[in-house]
Amino acid sequence: MKVRAARPRDLPAVSEIEEASFSAPWSVSAFRTLFQRDRVRFLVAESEDGVIGHAVLWYALDEAELANLAVAPEERGRGVAGVLVDRLIEECRAVGVRRIFLEVRESNRVALRLYRGKGFQEVGVRAAYYQNPREDARVLRYDLPVER
Ligand SMILES: CC(C)(COP(=O)(O)OP(=O)(O)OC[C@H]1O[C@@H](n2cnc3c(N)ncnc32)[C@H](O)[C@@H]1OP(=O)(O)O)[C@@H](O)C(=O)NCCC(=O)NCCS
């Protein structure tokens with residue numbers, strides 16, 4: 001498995017994973033606009049069979065938001081998301097980002113375990129942040145170690 005920057009030709013596979021992963025999936029055009037934006041990291045994980053996961057992070061100054069992360073259902077539980085998150089943290093370090101924020105459904109135990117395992121801390125709740133079903137978001141933050 002390798003992780004690399006997404007390309008436009010990955011969009012059909014990314015969209016399929018997205019649709020299988022979320023009740024309110026991003027559209028293909030939402031992903032496509034990322035290629036025109038600065039300060040965005042849109043990564044895919046790829047195996048011999050093709051794209052098996054994707055991650056999107058954007059940043060401004062020293063803060064970033066992990067905006068999307070999904071792995072194909074049949075590929076879950078093998079560390080793919082962990083590798084994507086590690087890579088995003090690395091890329092943040094390279095551009096001087098100090099803090100990464102994200103929101104996650106409070107019922108999403110798997111994602112919460114993943115992020116806590118990576119060192120994200122819970123810093124707040126956004127009430128009724130999600131629809132379909134309506135649900136609170138936990139807000140998580142990761143502080144990058146200060147370089148000496
Ligand atoms: C959340 C998601 C991205 C995790 O992807 P993944 O590749 O299966 O995750 P990994 O295999 O890297 O697992 C990393 C950690 O997540 C947790 N985890 C993964 N699968 C789990 C499971 N079935 N049950 C409990 N915890 C699990 C574990 O803590 C694991 O760490 P460990 O292996 O050290 O125990 C994937 O389940 C997914 O796409 N879900 C739907 C979309 C989604 O919820 N995205 C996140 C939105 S914030």
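The values are calculated or read from the model by the stated rules, or taken from the named source; none is laboratory data. As the structure is a prediction and not an experimental result, all values here were calculated from the model. FYI the Cβ positions are ideal-geometry reconstructions off the backbone, even for glycines, and counts take in every protein chain you see.
A compact table of results
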read-out	value
Subset of the range 92-117 [near the ligand (Cβ under 8 Å from one of its atoms) and farther than 19 Å from Glu63 by Cα]	Arg105, Asn108, Arg109, Val110, Ala111, Arg113, Leu114, Gly117
Conditions (1) over 23 Å from Leu140 (Cα atoms); (2) buried (at least 18 other Cβ atoms within 10 Å of the Cβ); (3) near the ligand (Cβ under 10 Å from one of its atoms); number of the one not met by Ala20	(2)
Residue match in the range 118-126 (condition: of a type in the set (Gly, Ala, Ser), more than 24 Å from Phe31 (Cβ to Cβ), outside any helix (DSSP H, G or I) and near the ligand (Cβ under 8 Å from one of its atoms))	no
Number of the condition not met by Tyr142 [criteria: (1) more than 27 Å from Asp10 (Cα to Cα); (2) assigned to a loop (DSSP other than H, G, I, E, B); (3) not basic (Lys, Arg)]	(2)
Of residues in the range 63-82 being in contact (Cβ under 8 Å) with a residue 40 or more places away in the chain and within 7 Å of the ligand (Cβ to nearest atom), the one nearest to the chain's Cα centre (by Cα)	Leu69
Single match in Gln36, Gln131 (criterion: within 22 Å of Ile17 (Cβ to Cβ), out of contact with any helix residue (DSSP H, G or I) (no Cβ under 6 Å at 6 or more places or on another chain) and at pLDDT below 95)	Gln131
One residue from Gly77, Gly82, Gly117 being exposed (fewer than 14 other Cβ atoms within 10 Å of the Cβ), on the phi > 0 side of the Ramachandran plot and modelled with pLDDT of 95 or more	Gly77
